1. Would you mind checking which residues have amide H under 5 Å from A95's amide H? H placed 1.01 Å from N; only 5 or more apart, or other chain.
2. First select every other residue whose beta carbon is under 12 angstrom from the beta carbon of F170; then total the charges, Lys and Arg +1, Asp and Glu -1.
3. Based on other C-beta atoms within 10 Å, arrange Y293, Y193 from fewest to most.
4. Collect residues whose amide H, placed 1.01 Å from N in the peptide plane, falls under 5 Å from the amide H of M440; neighbours closer than 5 in sequence don't count.
5. Sort T433, T292 by Cβ crowding within 10 Å, fewest neighbours at the top.
6. Under unit Cβ charges (Lys, Arg +1; Asp, Glu -1), what dipole magnitude, rounded to 20 debye, does the range 70-210 have relative to its Cα centre?
7. Using the count of nearby Cβ atoms within 10 Å as a rough guide to exposure, how do D317, D332 rank from fewest to most?
8. What helices does the chain hold that run 27 Å or longer along their axis, going by alpha-carbon atoms, with a Kyte-Doolittle average of 1.6 or more, using DSSP H for the helix calls?
Amino acid sequence: MSANVALDIPISSRLRPCTPWKQIFLVLTTAMFSLCSSAVAYGAPTALVAARVIDGRSDTLSKATVVVVDGKTIVAIGGRSVIPADAEVIELGDATLMPGMINTHEHPLMSTSDYQNAHLATSSAYKALTALAGLQKLLLAGWTSVRVMGDADVGYANQDLRRLIDSGLFLGPRMTGAAHYISITGGGGDVNYLSPEQTVRPDGLIADGPEEIRKAIRNEIKYGADWVKLLVTGAFESVGDDPRNIAFSPEELRAAVEEAARHGVPVAAHAHATEGIRQAVLAGVRSIEHGTYVDDETLHEMARRGTYMVPTVYLGDYYDKGDQGDHLRAQDKNDDYIKNGRAAFLATILRAHKYGVKLAIGLDLGAGIADPSVYANEFGVFVEAGIPPMAAIQAGTRVAAELLRWDNRLGTLEKGKLADVIAVPGNPLVDITALRHVSMVMLGGKLIKRPGSSQALAGLLPATSVP
Ligand SMILES: [Zn+2]
């Protein structure tokens, strides 16, 4: 099962093996849906005209100023001469066209910073509805794809959301990812602040030992996950564990990667502690999430193996004292990191970039927690670390699509790619904060946000419905 298939085939057909009759039914209904949607949603080609184009691939601005979209696909890029006679022309003025942004580390079901208590206090259905509203806001802010890195949920609400978005019932960003984060007992996915007499179902999926990990992974995949997420070390946001400690043993890590690999599913490893990062890389995970205390030797190993790193730096800033006024239950750990770890981490990220480690943009926020405009601040932190703005933008477009294994269809503005296109005012290479003010969003050829309109279109829930 290739993740690339996910872009065009309804998830229902990927969940379980079908009988031939079921397959025929699916093919027929899929064909009917695509006929209907193309008749309704797509007409004449659309020509997006701006002052400049960042295509996600070249290290300099493209010479093009026009992207032509027909149906779901980009059909031409160039000057005004490529505009077809029958095209609807959308003039964007002094703006930059670029690929839709990809958030490779999202927790859509988390709606408050006190996410472990929120998990205990709200149902999976409640989480699904707040997540849908949050994801739609993210889409309007220019984030056209997200990778879910597990969620605080007993159920599988993020997989249900993904299925409903894939089916076209709701508008939302393209989704891939893990249903849960898998954690040891007492780890970052466990609730560690209740008395031993209390029995609750924690926010993470608890698994100890290779056999429980294999079973947890099989359940994740059974219910739709196409990533496995492991909490390899302690975390900064949870109560009662330490990001400098390693949770899973090398034996458990190897079992996880081996089990996931047999199903064609990649593993993402949340890891802060130096040795935990090293062990996860050697076990063969596809991405290291955070990587706060990674050493140079491991960075070189990651560059050699092609292991991705999603540093999620802005998260610490978001929860810094006073910033946003939003505090964590484990605020003391974040405060310590800001005081004693942040500067070194920025230097680490720059070294990772120089060594050739593939860095991707990920926020580690919940779509319902933060105003979606702050998500673009992760690009700003990359630039603050010394990474060139173009490389930062590629980390949230082309490189992110590669991490998701969707790069054959997404992540760059090129003829033949799916038309996930956004426009930002001015030139983000001069002022990276322009990414906070996305003025136009197109998802698979559908115009989701028109320039000049602050709000959405048919199909989106009104923003006032967000609790
Ligand atoms: Zn996370």
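Every number in this text was worked out from the coordinates using simple rules, so none of it is lab data. Source: prediction; values computed, not measured. Note that each Cβ is placed from the backbone with ideal geometry, even for glycine, and that neighbours are counted across all protein chains shown.
1. Here A51, R52, G426 satisfy the definition.
2. Working: positive: R162, R163; negative: D160, D166.
So the environment of F170 carries a net charge of 0.
3. Values: Y293 20, Y193 13.
In increasing order of surrounding Cβ atoms, one gets Y193, Y293.
4. A423
5. Least crowded to most crowded, the residues run T433, T292.
6. Computed about the Cα centre, the dipole is about 180 debye.
7. D332, D317
8. Details: long enough: 20-41 (31 Å, 1.18).
TM-like helix candidates: nothing returned.
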